[in-house]
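**Q** Attaching a single structure in structure tokens format; questions to follow.
None of the figures in this text is laboratory data; all of them are computed from the coordinates on show. These figures come from a predicted structure and were not determined experimentally. When we count neighbours, we look across all protein chains shown, and the Cβ atoms used for this are built from the backbone with ideal geometry, even at glycine.
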Amino acid sequence: MNDLDTNRDVFGKVSVLVEKARKKIASTINEEMIILYWNIGKIIKEDIIKLDRAGYGKQIVQSLSDRLTQKFGKGFSPQNLWYTVQLFDAYPILHSMRGEFKNLSWTHIRTLLPIKDDLKRKFYAALCQQEHWNTRTLNSRIDSMLFERTALSKLPEETIANQLRELKEKEKMTPELVFRDPYVLDFLELHNSYSERDLENAILNALEEFILEFGKDFYFVDRQKRITLDDDDFYIDLVFYHRRLKCFVLIELKMGKFKAEYKGKMELYLRYMEKYEMLEGENPPIGLILCSEKGKEQVEMLFLPEDKIKVAEYITKLPTKELFAEKLNKAIRAAQLK
């Protein structure tokens, strides 16, 4: 090895050490900062609010903010100090708070704290860590009511808690966490009149955003995949692979209302992929039929819980948040009553 190669080798080794150290330092600083904020919230709660001085709370917090900012600089605004109180209120035990928000920044935590439902907050925190969302993506997922659109939200609370625990502790991803209904495809910017091919082309043109809506573990494999059976050709609209589920996901795009015959064709595609494309160690493929309208009664009559076929609606124009929330919450209540 000549001197140039030796220098390159040494530089490479040292660079790896520096990068590792920087990440560790940044992670340690972030963790210590969040612990600091939790302790500040604890002091404000116990010394100001709990001791019947809540009427003076705003004045005292403002004064505290001014003095801390003067001495230590940014990070101690009145709003930020009230967030520390919210953090302590939501997680009065420090250990549980550290476990919940491991590797998340204070900005992430501030975004999550207004979510009052404990399981919903755990869901967003877990997905945020698994998929490495920045705060902009996290806000977008909350605004589009991602939790309410998952199959997970329609399960009993104990089941939700167990699946989130396994995701956090074992990184186990389940179909209930992966698949949504409806899918929000407003970024496709389709006109009022479009065909299934227009929808497919728009998805491929905006593939990065499409995968973000579906989840980062989806990988694009093929479009209009041709399979031949009994000398007849069939074409699967879109084929993806899901890394965590370890299986192919076949997507059929349909205009209008779901029809019963769609299930038979998807079952044919799944059997073909299982027989000819699935490798050892992979799980059987899953089918997703995306329709602009589900046809609830037909879906309920045709599909059993063990089916590897999902039917979901897609939305190309997001309705008002109030209307959207009402529709999703009604679906959740109906599912939980079954």
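**Q** Amide H of G295 versus every other amide H placed in the peptide plane: which residues, excluding those fewer than 5 positions away on the same chain, fall under 5 Å?
**A** F258
**Q** Which FRET efficiency, nearest 0.05, do Q62 and N205 yield, Cβ-Cβ r, R0 56 Å? Write out the running numbers ahead of the final one.
**A** Values: r = 51 Å, r/R0 = 0.91.
Computed FRET efficiency for Q62 and N205 comes out at 0.65.
**Q** Translational D (Stokes-Einstein, µm²/s) of the range 115-172 at 25 °C and 0.890 mPa s when Rh comes from the Kirkwood sum over C-alpha pairs? The partial results should precede the final answer.
**A** Values: Rh = 11.6 Å.
Answer, rounded: 211 µm²/s.
**Q** Simple spin-label model, 7 Å along Cα-to-Cβ: N329 to L279 in nm?
**A** My value for the distance between the label points is 4.7 nm.
**Q** Still on this structure, please answer the following. What is the order of V14, V178, fewest Cβ neighbours within 10 Å to most?
**A** V14, V178
**Q** I'd like the Karplus ³J(HN,Hα) series for the range 309-322: coefficients 6.51, -1.76, 1.60, θ = phi - 60°, whole numbers in Hz, and an x wherever there's a Gly or Pro.
**A** Going residue by residue, I get 10, 10, 10, 9, 8, 10, 10, 9, 9, 6, x, 4, 4, 5 Hz, with x marking Gly and Pro.
**Q** Short version: ³J(HN,Hα) in whole Hz for each residue of the range 127-137, in order, from phi by Karplus 6.51 cos²θ - 1.76 cosθ + 1.60 (θ = phi - 60°), x for Gly and Pro, what are they?
**A** Each residue of the range 127-137 in turn: 5, 4, 6, 5, 9, 6, 6, 7, 5, 5, 5 Hz.
**Q** For V221, which sequence-distant residues (separation of 5 or more, or a different chain) have an amide H within less than 5 Å of its own amide H, given hydrogens modelled in the peptide plane?
**A** Long-range HN contacts for V221: V239, F240, Y241.
**Q** Please find, in a Gaussian network model of the chain (springs between Cα atoms separated by less than 10 Å), the residue of F303, F147, F101 whose mean-square fluctuation is greatest.
**A** Maximum among the listed residues: F303.
**Q** Taking every pair of distinct Cα atoms and averaging 1/r, then inverting, what Kirkwood hydrodynamic radius in Å comes out for the range 53-194?
**A** On the way: mean 1/r = 0.0575 Å⁻¹.
That comes to 17.4 Å for the range 53-194.
**Q** Using Cα positions and a limit of under 20 Å, work out the aspartates and glutamates in reach of K275, with same-chain residues fewer than 8 apart set aside.
**A** Hits, sequence-local ones excluded: D222, D230, D231, D232, D233, D237, E252, E267, E306, D307.
**Q** Along the charge dipole of the chain, pointing to its positive end and built from +1/-1 on Cβ of Lys, Arg, Asp and Glu, which listed residue (V249, L119, W133) has its Cα farthest out?
**A** L119
**Q** Now for a separate question. Taking neighbour Cβ counts within 10 Å as the exposure measure, how do M33, M273 sort from fewest upward? Provide the component values of the computation, followed by the final result.
**A** Working: M33 13, M273 22.
Fewest to most other Cβ atoms nearby, the residues stand as M33, M273.
**Q** Over the Cα atoms of the range 179-336, what Rg and Dmax result, in angstrom?
**A** 15.9, 51
**Q** In whole Hz, with x marking every Gly and Pro, tabulate ³J(HN,Hα) for the range 196-201 from phi via Karplus 6.51 cos²θ - 1.76 cosθ + 1.60, θ = phi - 60°.
**A** Each residue of the range 196-201 in turn: 4, 5, 4, 5, 4, 4 Hz.
**Q** 5 Å is the cut-off here: which amide hydrogens, built 1.01 Å from N in the peptide plane, fall below it relative to L185, excluding neighbours closer than 5 in sequence?
**A** Long-range HN contacts for L185: I315, T316.
**Q** Among the trypsin sites (Lys or Arg not before Pro) in the range 38-144, which ones are in a DSSP loop with at most 10 other Cβ atoms within 10 Å of the Cβ? Mind listing them? Could you put the intermediate results ahead of the total?
**A** On the way: sites: K42, K45, K50, R53, K58, R67, K71, K74, R98, K102, R110, K116, K120, R121, K122, R136, R141; in loops: K50, R53, K74, K102, K116.
Within the range 38-144, the qualifying trypsin sites (Lys or Arg not before Pro) (loop, at most 10 other Cβ atoms within 10 Å) are K50, K74, K116.
**Q** Using the Cα atoms of the chain to build a convex hull, what is its mean projected area in square nanometres? Write down the numbers at each step before the final one.
**A** Working: hull surface 103.4 nm².
That works out to 25.9 nm².
**Q** Let me ask something else about it. Tally the DSSP beta bridges in the chain and give the antiparallel ones as a percent, rounded to 5. Present the calculation step by step, with values, prior to reporting the outcome.
**A** On the way: 16 of 30 bridges.
Antiparallel: roughly 55 percent of the beta bridges in the chain.
**Q** Using a Förster distance of 56 angstrom, determine the FRET efficiency expected from the C-beta separation of K246 and N39, and round it to 0.05.
**A** Efficiency computed from Cβ-Cβ geometry: 0.85.
**Q** Straight distance only, please: which lysines reach the Cα of K259 with their own Cα at less than 25 Å, same-chain residues fewer than 8 apart left out?
**A** Here the lysines satisfying the reach criterion relative to K259 are K154, K225, K294, K296, K308, K310, K317, K327, K330, K338.
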